[in-house]
Amino acid sequence: MAADVMTHEDVVARPATAAQGTNCTLADYQAMYARSVDDPDGFWAEQAARLDWVKAPTKISGWSFDPVDIKWFEDGVLNICHNAVDRHVDAGHGDRTALIFEPDSPDSPVRTITYAELQRDVAKMANTFKKLGIAKGDRVTIYMPMIPEGAMAMLACARIGAIHSVVFGGFSPDAIAGRVEDCESDWIVTADEGLRGSKSIPLKANVDIACEKAPVKGVLVFRHTGGDVAMTEERDHWYHDLSDGVDSDCPCEPMNAEDPLFILYTSGSTGKPKGVVHTTGGYAVWTETTFRYVFDYRPGEVFWCTADIGWVTGHSYIVYGPLQNGATALMFEGVPNYPDHDRFWQVIDKHKVNVFYTAPTAIRALMREGESYVQKHDLSSLRLLGSVGEPINPEAWRWYHEQVGKGAIPIVDTWWQTETGGIMITTLPGAHDMKPGSAGKPFFGICPQLVDNDGEVLADETIGGATEGNLCITRSWPGQARTVYGDHERFIQTYFTTYRGKYFTGDGCRRDEDGYYWITGRVDDVINVSGHRMGTAEVESALVLHARVSEAAVVGYPHDIKGQGIYCYVTLNAGEEASDELTAELRQWVRKEIGPIATPDHLHFTPALPKTRSGKIMRRILRKIAENDYGSLGDTSTLADPSLVDGLIEGRMNR
Ligand code: PRX
């Protein structure tokens, strides 16, 4: 797919009427971008002024990448829940819709929640958290379905200064336990069950298993499906019981701009997932500003981001970005293909969605089902489309543009990461022409740089120039992650050591002669499966935990729908035989250890893994074989046993 991305450079002009919200034209973008890099403090002080501060910051930026110490707005005091909720009620917009909830089944009732109702419900929830004993600085694990109470739980934490750690509802009990332990969270907020495509997800039962490994002080449970769950006395509380009679007036805790807002676990090339820490002020300003400009926010519009709140996209563009702008955000519990392949288009029509933000993997899956599903619905409310999470291949881009956008509305292809807090590279709808497959231009304040493997700067940071290399960012921006929870050294090692003094993204990238950035995918041992980021090391660790597995090496390979699939080379313990049963068992095993998103696509049993004489697994060779690319295996003579390669190729060709 990467090759496809890189060969298309046709330009699709932005529609003439695009800018009516922020009115950001090309000239505006250029002037604002120049100002954002020439006078970052002046620029960001102005952006920050749109928020309510208890104490306005006088110090705007204060950061260094060597040594690593990142601060923004450091003497400012604010509360992001106040900015996302109360501020709009105070301004007389209490009756505006904040959240629209579209349930899994189109036959179940829709819920709409106004800003005034959100304020009441979040404040009550915050008081209920306090009643349970949750206090400022405590870590609260949120393992919730895609229901408004999930977003409210995040906001309720923010309101009282507790740090939320949302764990995606598709993760396994082991994954929950690992995250609860890592951030020493005493509290879990969950629901009886979730629903996806009419299947129920046993959230509370998963929490119970997790708690056997990682005990907590309290579990707060929302009733959602009404399914049967076990309640452990003293530890578990039904929300509706505990909140009964609780006051719905709860002041927002004044937070220092650099107080942590949340932890979100994400995969890297090595070890366990890292708890990336975002702080309050910079993240608030970054998500408010990026949402406003990238989606060209216009009051009264309905914004739908299809991500789950368990991922950073859900944090920034379901909850904090839209709500800080006073927008109406749609939350959808279901899946794109239930009850049929037109579910997304039906929801857009039903709620007259104006901005739709989804992942290429969903577009590819729906594209495969044909146009008739899209054509059944009136999509004329749409004004802007967005893409996020992985490179979008031009074929999918064109389908999205033509079938969904009827060739008439812009697409923003937004490149960013959990660590960046919000959008970093994108076109702006009223400012830039689009190139299918290219994310576009740096957002305000972002200084990308492409370097070779030795860290030599390719072309020039300021004048740009066409080149291809490893994507670094040379200056801090307000939404940047500040640390890895409990392990600042790992933060430094992971992001600032490969190319000293620069933030290294882990992505490869090409910049063309027009200064457009084309992300080519990860250059480390991270793979991107259906827009979900996964460390190959995590899947390997899960596999070797199985009693019959001796060694495993996991790589990504191109997959038509998922972008990348998971290819696992496995060696078994002496005396063990490969079989279809074992394949099924190991796939199930990985699902249980990590979650369904980590299910291996291919299990390739091999008597040994190709290693150098010093014992290092030659992943490059394994990647090429998984990609069916046998012509460019490179030098195999350094292998301890070069003859292994033929067997591996044969094994690959036979599947
Ligand atoms: O490889 C890039 C890819 O997703 C990675 C970040 O994953 P995560 O932290 O889970 O955040 C995903 C949602 C922001 C990046 O390193 N990626 C994300 N957006 C794009 C992308 N690759 C190409 N184009 C994008 N628009």
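The values are calculated or read from the model by the stated rules, or taken from the named source; none is laboratory data. Here the structure is a predicted model, which is why all the values come from computation and not from measurement. Quick reminder, even Gly has a Cβ in these numbers, built from the backbone with ideal geometry, and neighbours come from all protein chains shown. Quick note on the areas: whole protein, heavy atoms, side chains included, nothing else; ligands and nucleic acids left out. Shrake-Rupley method; radii C 1.70, N 1.55, O 1.52, S 1.80 Å.
Please determine whether any residue of segment 169-192 is more than 24 Å from His278 (Cβ to Cβ), assigned to a loop (DSSP other than H, G, I, E, B) and of a type outside the set (Gly, Ala, Ser). Give the derivation first.
Of all residues in segment 169-192, those more than 24 Å from His278 (Cβ to Cβ) come to 172-174, 191-192.
From what is left, the residues that are assigned to a loop (DSSP other than H, G, I, E, B) are 172, 192.
Next, only the ones that are of a type outside the set (Gly, Ala, Ser) stay: 192.
Yes, segment 169-192 has at least one match.
Could we say that Tyr293 is in a helix (DSSP H, G or I), within 20 Å of Asp104 (Cβ to Cβ), open to solvent by 10 Å² or more (accessible area, probe 1.4 Å) and at pLDDT 95 or above here? Reasoning before the result, please.
Numbers: in a helix (DSSP H, G or I): yes; within 20 Å of Asp104 (Cβ to Cβ): no; open to solvent by 10 Å² or more (accessible area, probe 1.4 Å): yes; at pLDDT 95 or above: yes.
No: the conditions fail for Tyr293.
Here are some residues: Thr636, Thr606. Which one is among the β-branched types (Val, Ile, Thr), farther than 21 Å from Thr270 by Cβ and open to solvent by less than 30 Å² (accessible area, probe 1.4 Å)?
Thr606
So the check is Cβ under 9 Å with 6+ separation or different chains; which pairs have a first residue in segment 108-133 that's assigned to a strand (DSSP E or B) and a second one that's open to solvent by 30 Å² or more (accessible area, probe 1.4 Å)?
From residues that are assigned to a strand (DSSP E or B), the pairs are Thr112/Thr97; Ile113/Thr97; Ile113/Asp121; Thr114/Val89; Thr114/His93; Thr114/Asp95; Thr114/Arg96; Thr114/Thr97.
Output the residues belonging to segment 391-407 that are open to solvent by 20 Å² or more (accessible area, probe 1.4 Å), farther than 14 Å from Asp10 by Cβ and either within 16 Å of the ligand (Cβ to nearest atom) or at pLDDT below 95 (or both).
Listed by number, the list holds a single entry, Pro391.
Only residues that are more than 29 Å from Thr520 (Cβ to Cβ) and open to solvent by less than 20 Å² (accessible area, probe 1.4 Å): list them for segment 352-366, please.
Val353
Give me the pairs: first residue in segment 393-419 and touching a residue at least 60 places away in the same chain (Cβ under 8 Å) and farther than 23 Å from Thr290 by Cα, second residue open to solvent by 20 Å² or more (accessible area, probe 1.4 Å) and within 11 Å of the ligand (Cβ to nearest atom), beta-carbon distance under 6 Å, and six or more apart or on different chains, which are they?
If the second residue must be open to solvent by 20 Å² or more (accessible area, probe 1.4 Å) and within 11 Å of the ligand (Cβ to nearest atom), the pairs left are Asn393/Met1.
Name the one entry in Gly281, Gly321, Gly310 that is modelled with pLDDT of 95 or more, crowded, with 24+ Cβ neighbours inside 10 Å and within 16 Å of the ligand (Cβ to nearest atom).
Result of the check over Gly281, Gly321, Gly310: Gly321.
What residue, among those in segment 507-543 that are β-branched (Val, Ile, Thr) and under 16 Å from Asp413 (Cα atoms), is farthest from the ligand (Cβ to nearest atom)? Lay out the reasoning, then the answer.
Step one: list which residues in segment 507-543 are β-branched (Val, Ile, Thr), which gives 519-520, 523, 526-527, 529, 536, 539.
Next cut, under 16 Å from Asp413 (Cα atoms) only: 519-520.
On the way: Ile519: 4, Thr520: 8 Å.
So, considering only residues that are β-branched (Val, Ile, Thr) and under 16 Å from Asp413 (Cα atoms), the one farthest from the ligand (Cβ to nearest atom) is Thr520.
Could you please tell me which pairs satisfy a Cβ distance under 9 Å, a separation of 6+ or placement on different chains, a first residue in segment 243-268 that is at positive phi, and a second residue that is among the polar types (S, T, N, Q) and within 16 Å of the ligand (Cβ to nearest atom)?
No pair meets every condition.
Got at least one residue in segment 451-463 being open to solvent by less than 20 Å² (accessible area, probe 1.4 Å), assigned to a helix (DSSP H, G or I), among the aliphatic types (A, V, I, L, M) and farther than 25 Å from Gln47 by Cα?
No, segment 451-463 contains no residue that is open to solvent by less than 20 Å² (accessible area, probe 1.4 Å), assigned to a helix (DSSP H, G or I), among the aliphatic types (A, V, I, L, M) and farther than 25 Å from Gln47 by Cα.
Could you list, in sequence order, all residues of segment 477-498 that are open to solvent by 20 Å² or more (accessible area, probe 1.4 Å) and either touching a helix residue (DSSP H, G or I) at 6+ places or on another chain (Cβ under 7 Å) or of a type outside the set (Val, Ile, Thr) (or both)?
Once the filter is applied, which keeps residues that are open to solvent by 20 Å² or more (accessible area, probe 1.4 Å) and either touching a helix residue (DSSP H, G or I) at 6+ places or on another chain (Cβ under 7 Å) or of a type outside the set (Val, Ile, Thr) (or both), segment 477-498 yields Thr483, Tyr485, Gly486, Asp487, His488, Glu489, Arg490, Gln493.
Give me a count of the residues in segment 576-603 that are touching a residue at least 40 places away in the same chain (Cβ under 8 Å), part of a helix (DSSP H, G or I) and open to solvent by less than 50 Å² (accessible area, probe 1.4 Å).
5
Do we find that Glu369 is without any contact (Cβ under 8 Å) to a residue 12 or more places away in the chain, of a type in the set (Asp, Glu), surrounded by fewer than 19 Cβ atoms within 10 Å (Cβ to Cβ) and more than 16 Å from the ligand (Cβ to nearest atom) in this structure?
No, not satisfied.
Out of everything in segment 369-411 that is assigned to a helix (DSSP H, G or I) and touching a His at 6+ places or on another chain (Cβ under 8 Å), what residue ends up being farthest from Gly21 (Cα to Cα)?
Only one residue tops the list, namely Tyr373.
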